[in-house]
Amino acid sequence: ASAAFKRNFASSAKAPRLLSGRTLAPTVNHNSSAGLKILAVLYKGGEAAKQEPRLLGSVENQLGIREWLESQGHEYIVTDDKEGPNSVFQKNLKDTDILITTPFHPGYLTRELIEKSPNLKLCVTAGVGSDHIDLNAAVERNIEVLEVTGSNVTSVAEHVVMSILLLVRNFVPAHEMIERGEWQVSEIAKNAYDLEGKVIGTLGAGRIGYRVLERLQPFSPKELLYYDYNALPEAAAKQVNARRVEDLKDFVSQCDIVTVNAPLHEGTRNLINADLLKHFKKGAWLVNTARGAICNAEDVAAALKSGQLNGYAGDVWNVQPAPKDHPWRQMKNKYGGGNGMVPHYSGTTLDAQARYAAGTKQILENYFKGKPQEPANIIVGRGKYETKSYGQR
Ligand code: NAI
């Protein structure tokens, strides 16, 4: 197997090794690295951050890098206040050199904000998925965008498998019934199935999609399918027994369960809308832990109501935090179930946080020392996309 195969598709237990690759990209030292202003937008930890110091991705625990940054003479500003021109985020961007964000509480770096941030040279995503940054604008402005690739892909793949199971087995309404003090097996069983024998397809078969396929094999599905403009290496596809379907409508029409594992970009935004949902099998289950805006929120809620979908689950929302009246909070199928939505946390388990905090520090250290970055971490390099995952270019 090639090195790329091993890096991307080798058994998921090896995911953390993605952080210590061997071949390094020949980037140049273009930084003067003293006294930089570094701004991080993280989520508020509150009481939880006091109880659990391993919540490194919180405002309180600051990715564990404050002392290290300050000892090197850098200024480090950390906030969760990210909306509007008077937010700490937007006010500080003007003279920030390095911006650290997470997908869980995204500081949305629009083209307009990039234009107002003349010093900005590097954006680091503490996690995976940089769609909250206008990547085309970053390319034009020569701002590098790096992720901690691989840091939480196993965390998400596990969540996907859990979400598929809880929808197919009708778990949430069953648990709610127990909390209400009731006991009516038939009410749950009338919409509960086995995963065995179902056709399951992943839209996007990169690091997460592939790990989902790996984890589904032991459930003896009827078939595993994938849809991706980047074909899996033959050996990788064989290893998980997955068949590629090249047409999207054809792909969804064959699946009992669709899991979405592609980044959000212009080719995936609003991709799963009323038109595509018509081509799903009636009563299919849909799991989306990739990005909320890949699915049309109203169309998904309507499909669940009409029975075109039997269930929808995931942790990602088109706006985060999701407004209180977001349709995905309350939507239900005709039996009052079929909703497996949670806040965005699948990729921020304590295990994942340790990895993305360490990976963020490594990226910064490379930058300060003018050392080459791990190639797989570079989404946007100097003036160009380095990844093949954000659309065909
Ligand atoms: P990856 O880059 O390894 O794989 C993405 C795959 O999607 C690639 O094979 C790419 O070719 C494919 N793809 C892109 N556009 C497509 C399209 N239009 N149709 C079909 N396939 C397409 O990325 P990885 O690590 O698997 O992560 C995928 C996404 O998952 C991230 O970009 C992020 O948005 C999301 N994610 C969510 C997390 C969470 O906590 N919920 C945590 C980590 C990632």
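Rule-based calculations on the coordinates, nothing more; no lab input. Keep in mind it's a predicted model, so treat the numbers as computed, not measured. No Cβ is skipped: glycine too gets one built from the backbone with ideal geometry, and neighbour counts run over all protein chains shown.
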Using DSSP, restrict attention to beta bridges with both residues in the chain and report what percent are antiparallel, rounded to the nearest 5. 5 percent
Counted charge near L309, where neighbours are those whose Cβ lies closer than 12 Å (Asp, Glu -1; Lys, Arg +1): +4
The local net charge around Y193, scoring Lys/Arg +1 and Asp/Glu -1 for residues other than Y193 whose Cβ lies under 11 Å from its Cβ, equals 0
Given the range 178-307, what count of lysine pairs have C-alpha atoms under 18 Å apart, with each pair 8 or more places apart or on different chains? 15
Principal axis lengths of the range 127-235 from Cα atoms, whole Å, largest first? 61, 37, 20
Sorted by mean Cβ packing within 10 Å, highest first, what order do the peptides 268-275, 51-58 take? 51-58, 268-275
Sorting M331, M177 on the 10 Å Cβ count, fewest up front, what's the list? M177, M331
Would you please put 78-84, 376-382 in order of how densely packed they are, using the mean number of other Cβ atoms within 10 angstrom per residue and starting with the highest? 376-382, 78-84
All-pairs alpha carbon distance profile, the range 205-303, 5 Å steps from 0, percent: 2, 12, 24, 26, 20, 11, 4, 1
Which helices, counted as full DSSP H runs in the chain, have an axial Cα extent of no less than 27 Å and a Kyte-Doolittle average of 0.5 or above? none
Could you let me know the centre-to-centre spacing of the range 91-140 and the range 235-277, using Cα atoms, in angstrom? 29 Å
What do you get for chymotrypsin sites (Phe, Trp or Tyr not before Pro) in the range 299-391 restricted to DSSP loop and a cutoff of at most 16 other Cβ within 10 Å of the site's Cβ? Y335, Y345
Chymotrypsin sites (Phe, Trp or Tyr not before Pro) in the range 161-226 lying in a DSSP loop, each with at most 16 other Cβ atoms within 10 Å of its Cβ, come to W183, Y193
Of all trypsin sites (Lys or Arg not before Pro) in the range 284-338, which ones are in loop regions per DSSP and have a Cβ with at most 12 other Cβ atoms within 10 Å? K324, K334
Shape verdict for the range 60-145, please, from the Cα gyration tensor: rounded (a/c under 1.5), prolate (a/b greater than b/c) or oblate. rounded
Which net charge results when you count Lys and Arg as +1 and Asp and Glu as -1 among the other residues whose beta-carbon is under 13 Å from that of R244? -4
Kirkwood hydrodynamic radius, the chain, all distinct C-alpha pairs: what's the number in Å? 21.8 Å
Can you check how the C-alpha radius of gyration of the range 240-393 compares to 2.2 N^0.38 Å, as a plain ratio? 1.23
Long-range amide H partners of A313 with built H, under 5 Å: L286, V287, N288, G340
Excluding same-chain residues fewer than 8 positions from K94, which aspartates and glutamates have a Cα within less than 12 Å of its Cα? E112, E115
